[in-house]
Amino acid sequence: MKTIVLEEPGRFRLVDRAAPPAPGPGEALVRIHRVGVCGSDLHAFGGKQPFFAYPRVVGHELGVEIVALGTPEAHLAVGDRCSVEPYLNCGSCIACRRGKTNCCVRLQVLGVHTDGGMRELMTVPVAKLHRSRTLSMDQLALVEMLTIGAHAVRRGQPEAGERILVIGAGPIGLSVIQFAQLSGARVIVLEISERRRQFCRQHLKVETCLDGQADTTVDELQALLDGDLPTTVFEATGNPNSMMRSVQYVANGGKLTFVSLVQGDLTFRDAELHRRELTLLRSRNATGADFAWAIQMVEEGRIDLAPWITHRAPADAMIAAFPEWLDPERGVIKAVVEF
């Protein structure tokens, strides 16, 4: 079985491994058709991914086909196309008992804590398969990425008509923008890349995109909002300096949701948080409900994923292509590996 292993930071290796055994009760054997390359994969390649150990088979944005079921399932059949919810939760800890399966105490994320989908076949719990009768494998592989934004928006709860700010227009920021728009919010984007600002204007119909490299962001926001600042802000850059700076963009009494993750400490002036009485939220992973929402939005055509995939490679060529996808000049929005 063709498998790509991240042996250590900066080094992938293509190996041949034995196929998984027949699935047991509550399990499915799936064939991997598409793997979306995520920011966490890029960070793992660069040696900057928290909660990570080498060697590891990365890949958790998966479009798969069921090839065998351990036991008959009422809602699934061999041949079904699915997206995989890659968050393997215990079901019994305090978070799971409260329905917060995305932050299970003993969480195992495919491709991070345990081996993921950069291989031809793998076994997954049937409860983590989300079927679609209409979505393509490309679309199914991008569903998990969308759910990160869906969950963040459910956390931040922007209101219809509210002017909000999304900082960072990488794939996660783009997914936040999409679901904030679906919630009726009016989105302002702050992004350092003109290419990505143009993507937001063209494909997501964002009217206002500000240059994140400017030192006048507060003034620009106040000019747009009649002297006010956004009452809801989502930070999705994965840059600690941006995350720490984002506090100054939130209105008094507002909410700041960190969607991104960094390996290190963040520091803030307590007096500034206190003065503004900020609500500070973290958003981690997603839940089954987020997968259902994301799949429905794509199936209904309310989210168009066609422009998102800018780069792709077959598994045999992925190792050579991967370092190029790290280069900002390549203009990568989303890269996909084909198995």
Here the alpha-carbon Rg of region 149-282 over 2.2 N^0.38 Å rounds to 0.95
For the chain, the longest principal axis of the Cα atoms and the Cα long axis of helix 288-299 enclose an angle in degrees, to the nearest 10, of 90 degrees
In degrees, nearest 10, the alpha-carbon axis of helix 315-325 is tilted away from the dominant principal axis of the alpha carbons of the chain by 20 degrees
Two pseudo-spin positions, 7 Å from Cα along C-beta at I94 and at A292, lie apart in nanometres by 2.7 nm
So, relative contact order of the chain in percent, Cα under 8 Å, 6 or more apart, is 17 percent
Placing each pseudo-label 7 Å from Cα in the direction of the beta carbon, E73 and R302 end up separated by a distance in nanometres of 2.5 nm
For region 149-282 the mean separation of alpha carbon contacts under 8 Å (6+ apart) over residue count, i.e. relative contact order in percent, is 23 percent
Along the dipole axis of region 154-280 (charges at Cβ: +1 for Lys and Arg, -1 for Asp and Glu; origin at the Cα centre), the most positive-end residue among N252, V189, N241 is V189
When the charge dipole of the chain is computed with +1 at the Cβ of Lys and Arg and -1 at the Cβ of Asp and Glu, the Cα pointing farthest to the positive end, of G99, V332, L146, is that of G99
With +1 on the Cβ of every Lys and Arg and -1 on the Cβ of every Asp and Glu, the dipole magnitude of the chain about its Cα centre, in debye rounded to the nearest 20, is 700 debye
Dipole check, region 149-282, charges on Cβ (K,R +1; D,E -1), about Cα centroid: among L221, T208, F268 the Cα furthest to the positive pole belongs to T208
Sorted by chain and number, the residues with a modelled amide H under 5 Å from that of L210, at a separation of 5 or more or across chains, are V189, L190, E191
For the chain, the longest principal axis of the Cα atoms and the Cα long axis of helix 171-182 enclose an angle in degrees, to the nearest 10, of 70 degrees
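Quick note: the coordinates plus some simple rules give every number you see, no bench work behind them. Since we're looking at a predicted model, the values are computed, not measured. Every residue, glycine among them, receives a Cβ derived from its backbone with ideal geometry; neighbour counts consider all protein chains shown.
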